[in-house]
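Asker: One structure is given below, represented as structure tokens, and several questions about it will come after.
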Amino acid sequence: AGTTAVSSGKPPAEMSRLEDLTEGNPETTRELIGMFYKQTAQQMKEIEDAVRANKPAVVGHVAHSCKGACATLGMTRLAAVLLTLEKMGKSGALTGAEEHCAEAQREFKDIQTFLAQHPAMAGMLSAV
């Protein structure tokens, strides 16, 4: 089952939010996105590893941290999936978490594809 955020028609990333955070500076935007890619890839792996190891507290903690960064940067669809994983982790029940991890990975890829095609990201390194 997908989240309602995915079917809402929202873009994977709200460029206006990124532009507000970086005051429209392309270099700063690229740096911020680069850091986001690196940190999010690492956190997604930590969440998946914790799901496989049945460590709900770790899932909840890392998903919460990653969700916050996503929300701040306007990646609301991914933030919604991470909220679900956070709640699962905090409840101690990880049944179905693998599916949400896969959904989070799809959303992360959608963000990378969207940003790579956005004019403001021209010249940005390829998605990781």
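The values are calculated or read from the model by the stated rules, or taken from the named source; none is laboratory data. Here the structure is a predicted model, which means the values were calculated and not measured. For the accessible areas, the whole protein counts, side chains as well, though only heavy atoms, and no ligand, DNA or RNA atoms are used. Shrake-Rupley method; radii C 1.70, N 1.55, O 1.52, S 1.80 Å.
Asker: How far, in degrees from 0 to 90, does helix 97-117 lean away from the longest principal axis of the Cα atoms of the chain, to the nearest 10?
Answerer: 0
Asker: Can you tell me the 0 to 90 degree angle between the C-alpha axis of helix 26-52 and the longest principal axis of the chain, rounded to 10?
Answerer: 10
Asker: Could I ask something else about it? Aspartates and glutamates near LYS90 by alpha-carbon distance under 18 Å, same-chain residues fewer than 8 away left out - which ones?
Answerer: GLU46, GLU48, ASP49, GLU98, GLU99
Asker: So, one more: Lysines within cross-link reach of LYS87: Cα-Cα under 20 Å, excluding same-chain residues under 8 positions apart?
Answerer: LYS45, LYS55, LYS67
Asker: Would you compute, for the Cα atoms of the chain, the largest minus smallest coordinate along each principal axis and list the three values in descending order, in whole Å?
Answerer: Taking the Cα atoms of the chain, the three principal extents are 42, 27, 22 Å.
Asker: OK, next. Please work out how much accessible surface LYS45 shows to a 1.4 Å probe, ignoring ligands, DNA and RNA, in Å² rounded to 10.
Answerer: Answer for LYS45: close to 110 Å² accessible.
Asker: Now for a separate question. For LYS10, which aspartates and glutamates qualify as cross-link partners when the Cα separation must be under 15 Å and same-chain residues fewer than eight apart are set aside?
Answerer: Of all the aspartates and glutamates, those that pass the test against LYS10 - Cα under 15 Å, at least 8 places apart if same chain - are GLU107, ASP110.
Asker: Rounded to the nearest 10 degrees, what's the angle between the helix 56-73 long axis and the longest principal axis of the chain, both from Cα atoms, 0 to 90?
Answerer: 20
Asker: Follow-up question, since we're still on this one. Round to the nearest 10 and report in Å² the accessible area of GLU27, as given by a 1.4 Å probe over the protein chains' heavy atoms.
Answerer: Estimated to the nearest 10 Å², GLU27 gives 110 Å².
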